[in-house]
Amino acid sequence: MLTKKLTQNKPSLMNSLARGTAAGVAGTVVMTAFQKFVEMPLTGREDSYAPADFAEKILPVHPETEQGRKQLNWVTHFGLGIMWGSAYALTTRTGLRGPKAVAVAFATVYTSDVLLNTALGLAKPTTWDRQDWTIDLLDKLVVVAATGVLYDHVFAPTRSS
C-alpha cells in the first residue's frame, strides 16, 4: 500500500526533466553571476569560450564572426546547464534530494565532462595547476548546487493538501 502511494505521488519522468531543465537554466544564471561577480574578479580570469569550443568540436557548427561565436558560446553554456539540471532530476528519481543528490549528480557529470573534454583534446587536466582545478570544480559545483536548490524548492510541484 505504501509503495503504491509513493508511486502515485512521484512526478512523471517528463515532469522531472521539465523541472530539471528550468532549474538547470536558472542554475546556469546563478553560476554565470558567480563567475562574473566573484570568481573572475578574484582570479583575473578572462571569459571562457570552452562551451563554444566543445560545440564546434562535436557539431557541424563553425561561426564565421566573433558575434556568432559569442552566441554559440552562450547557447552551449545554457545547454550544458540544462544537462546539469537533467542529471539532478534523474538523480532525484532514485529518492535522493539536497546535498546527497548534488554530490551524485556532480560526481557523475563532472567526471564525464572532464573525460569527454580530455578525449576530444579540449582539456588537458594533467597540466592544470591548483587554481585551474579550483576554478573548474567550484564553478561547476555552484551550478549543480544552485540547480538542486532551485529544483527542490522553486520548481517543486505544488502539493495539494
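Only helices (runs of 4 or more DSSP H) whose full extent lies in segment 1-51 are considered here, and the ones with at least 1 residues that are over 27 Å from Q71 (Cβ atoms) and at pLDDT 95 or above are 13-34, 40-43.
Selection of segment 4-46 for residues being loosely packed, with under 11 Cβ neighbours inside 10 Å, within 26 Å of I135 (Cβ to Cβ) and either small (G, A, S) or in contact with a Lys or Arg (Cβ under 9 Å, 6 or more places away or on another chain) (or both) yields only G44.
Conditions (1) polar (S, T, N, Q); (2) farther than 21 Å from A23 by Cα, marked per residue:
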site	(1), (2)
T94	yes, no
D113	no, no
D129	no, yes
V142	no, no
A146	no, no
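Which one is farthest from the chain's Cα centre (by Cα) among residues in segment 39-61 that are more than 22 Å from L141 (Cβ to Cβ) and not aliphatic (A, V, I, L, M)? Before you say what the answer is, go through the steps one by one.
Within segment 39-61, the subset more than 22 Å from L141 (Cβ to Cβ) is 52, 55-61.
If we keep only those that are not aliphatic (A, V, I, L, M) too, we end up with 56-57, 60.
Working: E56: 19, K57: 19, P60: 23 Å.
Here the answer is P60.
Every listed requirement among (1) of a type in the set (S, T, Y); (2) in contact with a Gly (Cβ under 6 Å, 6 or more places away or on another chain); (3) surrounded by fewer than 18 Cβ atoms within 10 Å (Cβ to Cβ) is met by T111 save one, (2). Does G98 satisfy being surrounded by fewer than 16 Cβ atoms within 10 Å (Cβ to Cβ), in contact (Cβ under 8 Å) with a residue 40 or more places away in the chain, small (G, A, S) and closer than 21 Å to V29 by Cα? When the stated conditions are applied, G98 passes them. Check A89 against each of (1) in contact with a Lys or Arg (Cβ under 7 Å, 6 or more places away or on another chain); (2) farther than 21 Å from G148 by Cβ and name the one condition it does not meet. Failed condition: (2). Of the residues making up segment 119-137, one or more are surrounded by fewer than 16 Cβ atoms within 10 Å (Cβ to Cβ), free of Cβ contacts under 8 Å to residues at least 12 places away in the same chain, among the basic types (K, R) and not in a helix (DSSP H, G or I). Any residue at all in segment 94-111 that's touching a Pro at 6+ places or on another chain (Cβ under 8 Å), more than 23 Å from S12 (Cα to Cα) and of a type outside the set (S, T, Y)? No, that holds for no residue.
Taking (1) in contact with an Asp or Glu (Cβ under 8 Å, 6 or more places away or on another chain); (2) hydrophobic (A, V, I, L, M, F, W, C); (3) touching a residue at least 60 places away in the same chain (Cβ under 8 Å) in turn, L72 satisfies each apart from (3).
Taking segment 138-161 as the range and being of a type in the set (S, T, Y) and either in contact with a Leu (Cβ under 8 Å, 6 or more places away or on another chain) or not in a helix (DSSP H, G or I) (or both) as the test, the residues that pass are T158, S160, S161. Filtered by the rule that a residue be in contact with a Ser or Thr (Cβ under 8 Å, 6 or more places away or on another chain) and in a loop (DSSP other than H, G, I, E, B), segment 79-111 gives a lone residue, R93.
The values are calculated or read from the model by the stated rules, or taken from the named source; none is laboratory data. In this text the structure is predicted, and so the values were computed from the model without any measurement. No Cβ is skipped: glycine too gets one built from the backbone with ideal geometry, and neighbour counts run over all protein chains shown.
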